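Structure record follows, encoded as structure tokens.
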Amino acid sequence: MPRDMRAWIRELENAGELVRITKPVHPHTQMGALLYQSREKALLFENVDGFPGWKSLGMAPANLRHAALAYGTTVENLIPTAAERALKRQPTELVSTGPVKEVILKGDQVDITKLPAHIAGSQETPYIASGLMVARDPDSGIPAPYAGDSQQVRGAQRGHASGHFHRPPPSLLHGRGQHRAVRDG
């Protein structure tokens, strides 16, 4: 199983399941169409037009072969392997450094419009697709793990998420029923 995104990209490439796109591709005008057309291969956009220094990986996993590769198994054994692992919780370790912490933005530094989120189909605003986020309940401060089907970019510090909470935050359990973004300051 890949330990990080770089390892995942290497595994896809070594298995012949990755297409590197080096020509400039703009996420608001071209990326969505290319992702839609790719049913069999993951796409790594290495030159994201308008977003210098960014790369974007899409359609990974695009199919059951990719999922099996991620789990280190075969397509035939994917379901039992995934089910077995879902039942085994792995302890997490909080670390003070690492690739995920190379860039930390807080408060007014946060601007999600600077992420190369693509526009899919007839949508008019960019979406971060198949995202996973950990948010805090705005009332209790309790972490609320959330699996998002998509997060719509609505402004520098505004977004809308659709998906489901793994453990609903207390504010949703007490009838507020509203998601809202808060920022750490």
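The values are calculated or read from the model by the stated rules, or taken from the named source; none is laboratory data. Nothing here was measured: the structure is a model prediction, and the numbers come from that model. So basically every Cβ, Gly included, is an ideal-geometry build from the backbone, and we count neighbours across all protein chains shown.
Checking GLY50 against (1) of a type in the set (Gly, Ala, Ser); (2) part of a loop (DSSP other than H, G, I, E, B); (3) within 18 Å of the chain's Cα centre (by Cα): exactly one of these is not met. Which one?
(3)
With respect to ALA135, determine if the residue is of a type in the set (A, V, I, L, M), modelled with pLDDT of 75 or more and either surrounded by 15 or more Cβ atoms within 10 Å (Cβ to Cβ) or outside any strand (DSSP E or B) (or both).
Answer is no for this residue.
Only one of LEU12, LEU18, LEU64 is loosely packed, with under 15 Cβ neighbours inside 10 Å, among the hydrophobic types (A, V, I, L, M, F, W, C) and over 21 Å from LEU115 (Cα atoms). Can you tell me which?
None of the other options fit; the residue is LEU64.
Please enumerate the residues belonging to the stretch 55-83 that are assigned to a helix (DSSP H, G or I) and hydrophobic (A, V, I, L, M, F, W, C).
Scanning the stretch 55-83 gives LEU64, ALA67, ALA68, LEU69, ALA70, LEU78, ILE79, ALA82, ALA83.
Take ILE104 and decide whether it is surrounded by 11 or more Cβ atoms within 10 Å (Cβ to Cβ) and either touching a Gly at 6+ places or on another chain (Cβ under 8 Å) or β-branched (Val, Ile, Thr) (or both).
No: the conditions fail for ILE104.
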